[in-house]
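Down below is the structure, laid out as structure tokens.
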Amino acid sequence: MVQTTPRPVTTPQPVPGPEQARAGTRARTGDATSAGGLLRGWRMRRGLSQMELALRADVSARHVSFVETGRSRPTPSMIVTLCEGLDVPLRERNTVLLAGGYAPAYPERGLADPPMAAVCDAIAHILNVHAPYPALVVDRGWDLVDANDALAPLLAGVADTTLLEPPVNVLRLSLHPGGLAPHIENLAAWRAHLLHRLGKEIEASGDAALASLHAELRGYPGPGDAGTVADGGGGAGEGIIVPLRLRTAAGVLSMLSVTTVFGTPLEVTVSELAIESFYPADAATARAFTG
């Protein structure tokens, strides 16, 4: 009798599909769409070495390298820690978490949602107490969210009324030839200031929509070199801060701007809001507002 050794019974393994295969490759190589690849992109954007990031995050440079190349899968807390060390905006932190296979850590709500009531009350209070001087709220794309009543008279000279249709982009409204641009006495300085500030925001956030807006604004006709913040055109604030000098029915108003953001935000929408408050830069402007 011939004896045979039975073959061991094996459970068939599923063949990975194309998407799973690509995901596995991404995890191993740490490409730009993986959590490690995204973190590496942010590190390069910030101009940091792996050692510098490791010191900020209190981990080893070896671990940072393993995370970036996909040799080590980071936990959600490690992703958040590295993002904090890189000063990654909350919206983009959620993107990194999703790329790592985890749920977003930072909620995103509309301002009308009940949990946002305290934030809305704070915004309304700031806008109201700032009267009679103008103040407005913008989101991450510089679209107008809210404003107090003092803003409307400053927009009376806008020729292209489509710029006032929602969503109103404050930067486009300011620099468009059909907007406020023809009424700004120190347009070269103000234009350079806004473009410089927007450029810094693009560096910090990597936002493609802001980059597109920046290119659009640079294409508008305007005096001076848009890449250099020129002087304020004389008067109050010259050599210290660039004022907005706007021709209105009440005369030339010279205003200084102050930006307010919420401290320690843990919600995406709140982290992206900014309140722009304008103050008189000279006595004549103060009298025009207080009447």
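For the range 63-147, a Kirkwood radius taken over Cα pairs fed into Stokes-Einstein (25 °C, viscosity 0.890 mPa s) yields D = 157 µm²/s.
What number comes out for accessible area per residue over the range 239-290 if the probe is 1.4 Å? Units Å², please.
48 Å²
What the pair-distance distribution of the range 158-205 shows, using all Cα-Cα distances binned every 10 Å from zero, is 27, 45, 26, 2 percent. In terms of overall dimensions, the range 23-102 has a Cα radius of gyration and Dmax of 10.9, 30 angstrom. Once backbone amide H atoms are built at 1.01 Å from N, H176 has A181 as its partners under 5 Å, excluding neighbours fewer than 5 places away on the same chain. With the biggest extent put first, the Cα atoms of the range 100-166 measure 51, 29, 17 Å across the principal axes. The figure for Y279 is an accessible area of roughly 100 square angstrom, using a 1.4 Å probe on the protein chains alone. The range 239-291: percent of C-alpha pairs farther apart than 19 Å? Summing the P(r) tail past 19 Å for the range 239-291 gives 43 percent. Ranked by the mean number of other Cβ atoms within 10 Å of their residues, highest first, the peptides 158-165, 203-210 fall in the order 203-210, 158-165. In the range 48-134, the portion of solvent-accessible area held by carbon and sulfur atoms comes to 56 percent [1.4 Å probe, whole percent, DNA, RNA and ligands not counted].
The values are calculated or read from the model by the stated rules, or taken from the named source; none is laboratory data. What you see is a predicted model; the values in this text were computed from it and never measured. Don't worry about glycine lacking a Cβ; one is built from the backbone with ideal geometry, like all the others, and counts go over all protein chains shown. In case anyone asks, the SASA skips ligands and DNA or RNA and just uses the protein heavy atoms, side chains included. Shrake-Rupley method; radii C 1.70, N 1.55, O 1.52, S 1.80 Å.
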